[in-house]
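A quick write-up on the structure given underneath.
We did not get these values from a lab; they are worked out from the coordinates using the rules stated. Note that the coordinates shown come from a computational prediction; the quantities given were computed from them, not determined experimentally. We place every Cβ from the backbone using ideal geometry, glycine too, and count neighbours over all the protein chains shown.
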Amino acid sequence: MKIDKTLNDDYAILTLKGEFDTFYCPALMQEVEDLLERGVNHLVVDMRLVKFINSTALGAVIKAHKRCRAESGELVIAQPSPFVRDVITKVGIDKLITMYDSEGDAVKAIIKHLNQKELAGDAPVDQEKVLITFTDEIRNKMIGGKKTLLGTMSNVDGHKVQFVWNGKKAGISADQAKQLFFAGSDVNLKFQVKMIKKSYFELVAVVDSAEPTTDGGVRISAKFTKISDSDRNALVQFADDMAYLKRQLPGK
């Protein structure tokens with residue numbers, strides 16, 4: 001089987017070609033994990049060219065769907081081949097994962113899902129990825145060399161940012177993470193706020209605080225120290241706009 005990938009700003013299309021059996025399950029999951037690491041959690045899986053799919057591969061599709069959901073995203077299937085549609089329908093997977101007759105319909109559904117989340121105030125910042133680097137040798141030594149850490153955004157405005165970082169996979173405890181992000185230290189940050197602009201914000205901030213989270217990570221609050229006037233104005237406007245939109249939603 002071959003997997004072709006089309007990457008858009010907010011979602012990706014994975015086109016599967018050939019026979020999807022047990023051997024190719026790791027390849028699909030690796031593609032999904034790579035996309036999630038990049039902050040892309042909305043996927044269209046186009047299966048029009050899949051001639052065969054076995055039970056293990058069906059399990060991989062379900063696992064990929066759950067991974068996207070766990071990251072506040074969505075996975076849908078587009079234009080399944082007759083064989084795939086028959087198998088998925090017989091097993092009942094269509095009750096779990098939505099199927100669409102065309103790729104265009106699947107993309108429209110994904111965009112609708114994204115728009116609904118944005119208006120609800122969940123998607124524009126929350127769960128977006130933030131890339132973190134340190135300039136000093138001491139902290140780079142603590143993480144095993146000059147590396148880019150991947151955090152998860154919580155909130156941002158024109159003056160400050162909040163994000164969560166968990167070093168569990170790297171063997172770094174919450175107490176050690178607090179030493180990495182000690183109060184008064186500088187951090188270089190790179191992140192997107194897709195409702196403002198497609199390109200990245202690249203800013204320098206100074207850490208205000210780092211508090212432990214229940215899952216062994218730390219929640220960092222930091223104030224911007226190097227930010228252009230245009231970027232600051234854009235983030236201020238974004239925060240004001242989102243506050244207004246939330247007030248207009250039912251129950252707010």
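Numerical summary
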quantity	calculated
Residue 10 vs. criteria over 17 Å from residue 97 (Cα atoms) and touching a Leu at 6+ places or on another chain (Cβ under 7 Å)	yes
Residues that are in contact with a Ser or Thr (Cβ under 6 Å, 6 or more places away or on another chain) and within 20 Å of residue 239 (Cα to Cα), drawn from the stretch 172-204	204
Test result for residue 209, closer than 22 Å to residue 40 by Cα and among the hydroxyl-bearing types (Ser, Thr, Tyr)	no
The stretch 3-50: number of residues that are surrounded by 13 or more Cβ atoms within 10 Å (Cβ to Cβ), under 20 Å from residue 87 (Cα atoms) and of a type outside the set (A, V, I, L, M, F, W, C)	8
Residue in the stretch 172-194 that is out of contact with any strand residue (DSSP E or B) (no Cβ under 8 Å at 6 or more places or on another chain), under 24 Å from residue 39 (Cα atoms) and touching a residue at least 60 places away in the same chain (Cβ under 8 Å) present	yes
